[in-house]
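Shown next, in structure tokens, is the structure this report addresses.
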Amino acid sequence: MKKTKYFYILIVMWLLVSCNKESKNAREKIYVANELEGTISVLNADTYKEIKKIDLSYKGEMYKAHNVDVTPDGKYAMATAVPHSINGEEFLMLMNSKNDKVKKRIRLGKDQHLSHVVIDANSSMAYVTAYDPGQLIVVSLIAENVSKRIDLGKQTGPHGLRILGKKVYIACLESKELLEVDVLTNQIKRTYLDGVAVQTAVFDKIPLVCVSLYDKKQIVKYNTQTGDTNVISLPLDSQGPIQIYPSKDNTLLYVCDQGILDNRPYSNKVYVIDVNSNQVIKTIEVGKGAHGVTTNDAGSKLFITNIFDNTVSVIDASSYEVLQTITVGVSPNGIAHLINPYK
């Protein structure tokens, strides 16, 4: 009996060491927020294997992982975490990429309905959208606490966001706006979009921000220099875009067409848009409910979360062929790519 017990202990220890070793040795990693499971799947971006699953539960309660991002220096991943119960404390979960364990739960308050998180280029500040109070929460990653809150307006419904320099671009579901927020001065520029704005995509080589409009089945192009907007209508088979992401060379926009909301059927499509011609040049079929999107460091692969299939699709960015389908946790939502500084 004792030998059997010791044998199982050794097996568990071996598994823990193996997982930590894989986390440390993976050259590039993909972090997936499994919302309805309360976990983060950590994938090896080269082998397509799940090398770790991080449990975000706290004091025995499951915390829903809605969105995830990583620090540019590669040292940390972080996720917005909302408790399953009503009126519980909400956190920004800070995870160490060296061992893929929760390092710190940064308290952001109750009744926040935390949505998305992004991190600045210096890996020193995180920016979190709080849907219910209509705020942008600024978190110091050095002090590991809330630095300030920027009021965006009641009933704005801030959701997806991206950052470039000192500007954060926020898509607002309720007010149907694109907000350009200067995080140093707190000044806000508002652009009305006439559609339910879900997520933004920021282009770092050209003055362009794109916004997905779910109800209109459209993408809005916003010129950050002139303030002009152009609308791109998606194909007739679109069921509603969610997350969007630019190609590395800033010539393309990848659009996850999810559907499901507003009693629409699920979609299994990713659209590729040429941002110069405003044309959809390719439609890629993936899993059910295409939601989140990111690329690897070279931009040669796309990683797509499929919330109805509980999978991640890996796509070749040149041929647009699906290379692999990876099973992850329940209802995979946000997704982010990390270059491992410890490799």
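The values are calculated or read from the model by the stated rules, or taken from the named source; none is laboratory data. Small disclaimer: the values here were computed from a predicted structure and weren't measured. FYI the Cβ positions are ideal-geometry reconstructions off the backbone, even for glycines, and counts take in every protein chain you see.
Per-structure values
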{"read-out": "Answer residue from the range 132-153, given it is of a type in the set (D, E, K, R) and within 25 Å of Lys103 (Cα to Cα) and is surrounded by the most Cβ atoms within 10 Å (Cβ to Cβ) among those", "value": "Arg149"}
{"read-out": "Any hit, the range 74-91, residues being of a type in the set (Gly, Ala, Ser), in contact (Cβ under 8 Å) with a residue 24 or more places away in the chain and farther than 23 Å from Phe303 by Cα", "value": "yes"}
{"read-out": "Test result for Gly299, under 24 Å from Val211 (Cβ atoms) and not in a loop (DSSP other than H, G, I, E, B)", "value": "no"}
{"read-out": "Residue match in the range 35-57 (condition: at pLDDT 95 or above and touching a Pro at 6+ places or on another chain (Cβ under 6 Å))", "value": "no"}
{"read-out": "Every pair of residues 6+ apart whose Cβ atoms lie under 7 Å, when the first sits in the range 125-139 and is over 15 Å from Arg107 (Cβ atoms) and at pLDDT 95 or above while the second is aromatic (Phe, Trp, Tyr) and surrounded by 22 or more Cβ atoms within 10 Å (Cβ to Cβ)", "value": "Leu136/Tyr127"}
{"read-out": "Single match in Leu213, Leu234 (criterion: free of Cβ contacts under 8 Å to residues at least 40 places away in the same chain, within 17 Å of Val270 (Cα to Cα) and not hydroxyl-bearing (Ser, Thr, Tyr))", "value": "Leu213"}
{"read-out": "Qualifying positions in the range 271-291 - among the basic types (Lys, Arg) and either part of a loop (DSSP other than H, G, I, E, B) or closer than 14 Å to Pro241 by Cβ (or both)", "value": "Lys288"}
{"read-out": "Single residue of the range 155-169 satisfying the filter (in contact with an Asp or Glu (Cβ under 7 Å, 6 or more places away or on another chain) and not β-branched (Val, Ile, Thr)) that is surrounded by the fewest Cβ atoms within 10 Å (Cβ to Cβ)", "value": "Gln155"}
{"read-out": "Qualifying residue in the range 173-192 (condition: touching a residue at least 12 places away in the same chain (Cβ under 8 Å), surrounded by 20 or more Cβ atoms within 10 Å (Cβ to Cβ), closer than 26 Å to Tyr76 by Cβ and in contact with a Phe, Trp or Tyr (Cβ under 6 Å, 6 or more places away or on another chain))", "value": "no"}
{"read-out": "Matching residues, the range 289-326, being of a type outside the set (A, V, I, L, M, F, W, C) and over 18 Å from the mean Cα position of the chain (by Cα)", "value": "Ser300, Asp316, Ser318, Ser319, Tyr320, Glu321, Gln324, Thr325"}
{"read-out": "Condition broken by Ile260, with the remaining ones in (1) out of contact with any strand residue (DSSP E or B) (no Cβ under 8 Å at 6 or more places or on another chain); (2) touching a residue at least 24 places away in the same chain (Cβ under 8 Å) satisfied", "value": "(1)"}
{"read-out": "Candidate set from the range 312-338 (those that are under 21 Å from Ser115 (Cα atoms) and of a type in the set (S, T, N, Q)); member that is surrounded by the most Cβ atoms within 10 Å (Cβ to Cβ)", "value": "Asn333"}
{"read-out": "Of all residues making up the range 274-310, the number that are surrounded by 21 or more Cβ atoms within 10 Å (Cβ to Cβ) and hydroxyl-bearing (Ser, Thr, Tyr)", "value": "2"}
{"read-out": "Any pair with Cβ under 6 angstrom, 6 or more apart, that starts in the range 159-170 at a residue that is closer than 9 Å to Ser115 by Cβ and ends at one that is among the small types (Gly, Ala, Ser) and at pLDDT 95 or above", "value": "His159/Ser115; His159/Ala171; Gly160/Ala171"}
{"read-out": "Any hit, the range 259-266, residues being over 15 Å from Val196 (Cβ atoms), among the small types (Gly, Ala, Ser) and surrounded by 19 or more Cβ atoms within 10 Å (Cβ to Cβ)", "value": "no"}
{"read-out": "Selection count where residues are among the aliphatic types (A, V, I, L, M) and within 16 Å of Ser123 (Cα to Cα), scope the range 56-105", "value": "9"}
{"read-out": "The one condition in (1) loosely packed, with under 14 Cβ neighbours inside 10 Å; (2) not in a loop (DSSP other than H, G, I, E, B) that Gly227 fails to fulfil", "value": "(2)"}
{"read-out": "Contacts under 8 angstrom Cβ, first residue in the range 96-112 being closer than 17 Å to Lys75 by Cα, partner among the hydroxyl-bearing types (Ser, Thr, Tyr) and outside any strand (DSSP E or B), 6 or more apart", "value": "Ser97/Ser23; Ser97/Tyr342; Lys98/Ser23; Lys98/Tyr342; Asn99/Ser23; Asp100/Ser23"}
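Condition check ((1) on the phi < 0 side of the Ramachandran plot; (2) in a loop (DSSP other than H, G, I, E, B); (3) not hydrophobic (A, V, I, L, M, F, W, C)) across all residues:
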| site | (1), (2), (3) |
| --- | --- |
| Asp69 | yes, no, yes |
| Asp73 | yes, yes, yes |
| Ile86 | yes, yes, no |
| Phe91 | yes, no, no |
| Leu94 | yes, no, no |
| Asn99 | yes, yes, yes |
| Lys104 | yes, no, yes |
| Gly109 | no, no, yes |
